[in-house]
Amino acid sequence: MYEQDVEEELRRWRRLLFRKESIIQAKASSFQKRMNEKLPSMYHNVATVCVQKTVEMIIAGVAFTHKDPEERPLSLQEREQRTRRAFATYRRMAIVEGVGTGAGGVIAGLTDFPLLLTLKMKALFDVAAIYGYSTEEQCEREYLLLIFQLAFSTGEMKKSVLEKIDAYSKAGMNDVDWHAWQMHYRDYIDLPKTLQLVPGFGAFIGGFVNRSLFYQLEETTINVYRLRWLSELRQIEE
């Protein structure tokens with residue numbers, strides 16, 4: 001049965017999710033801090049404002065078009081196949097966008113941040129509909145933000161976010177610190193996006209980084225919806 005295989009994959013995913021930070025990751029964080037100090041303040045301002053406004057618009061329900069939820073009786077496997085096709089489409093767009101902005105230097109690189117964030121969020125909105133959930137409901141939009149946060153966070157933050165996802169309910173998530181959400185995301189991708197601004201190989205870095213970030217979001221999204229699917233299935237059986 002497909003669900004049984006999924007449960008084993010989920011156990012492996014959780015172990016990988018909470019593995020200890022490697023020496024390379026620790027050094028990368030240190031390098032990131034040094035690079036951030038050399039970036040113009042305009043870059044940091046654009047990144048911060050972009051994430052903040054996007055979060056505010058998503059919570060308010062005015063950021064993206066709401067697709068009608070999928071109502072046909074699709075299995076979990078079928079929904080995952082559709083999800084992967086949706087992510088493949090957006091990933092190709094992100095690669096092209098990353099190559100283009102990466103080749104343009106610092107100014108063009110600034111535009112990559114909001115464009116990439118928009119593509120990621122559009123993908124999540126599409127996926128919610130695939131699994132049969134309406135993003136017209138605020139709690140569902142907040143759920144997508146939690147998935148996003150889980151994909152692009154580290155250490156204790158991952159544990160905290162996954163706990164919120166596990167405890168998800170239709171009552172909403174008013175206790176989420178959305179300001180911390182935006183800062184953590186910005187800090188998480190500062191390093192790869194900084195390298196994209198370096199003249200000479202920014203185009204290569206831009207395409208590669210955007211591709212990697214989308215794969216990361218895809219795997220996180222699929223596994224989170226697996227958790228939710230199995231949880232709701234158990235509730236029905238009870």
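Using the structure shown, decide if GLY155 is touching a helix residue (DSSP H, G or I) at 6+ places or on another chain (Cβ under 7 Å), at pLDDT below 90 and open to solvent by 10 Å² or more (accessible area, probe 1.4 Å). So GLY155 fails the test. Screening region 186-237 for residues that are among the acidic types (Asp, Glu) and under 20 Å from GLY132 (Cβ atoms) and picking the one that is modelled with the highest pLDDT gives GLU218.
If you go through region 61-89 and keep only what is open to solvent by less than 30 Å² (accessible area, probe 1.4 Å) and not in a loop (DSSP other than H, G, I, E, B), you end up with LEU76, ARG79, GLU80, THR83, ALA86, PHE87, ALA88.
The values are calculated or read from the model by the stated rules, or taken from the named source; none is laboratory data. On a predicted model such as this, the values are computed, not experimentally measured, just so you know. Positions of Cβ are generated from backbone atoms using ideal geometry, with glycine treated the same way; all protein chains shown enter the neighbour counts. Note: accessible area is taken over every heavy atom of the protein model, side chains too, but ligands, DNA and RNA are not part of it. Shrake-Rupley method; radii C 1.70, N 1.55, O 1.52, S 1.80 Å.
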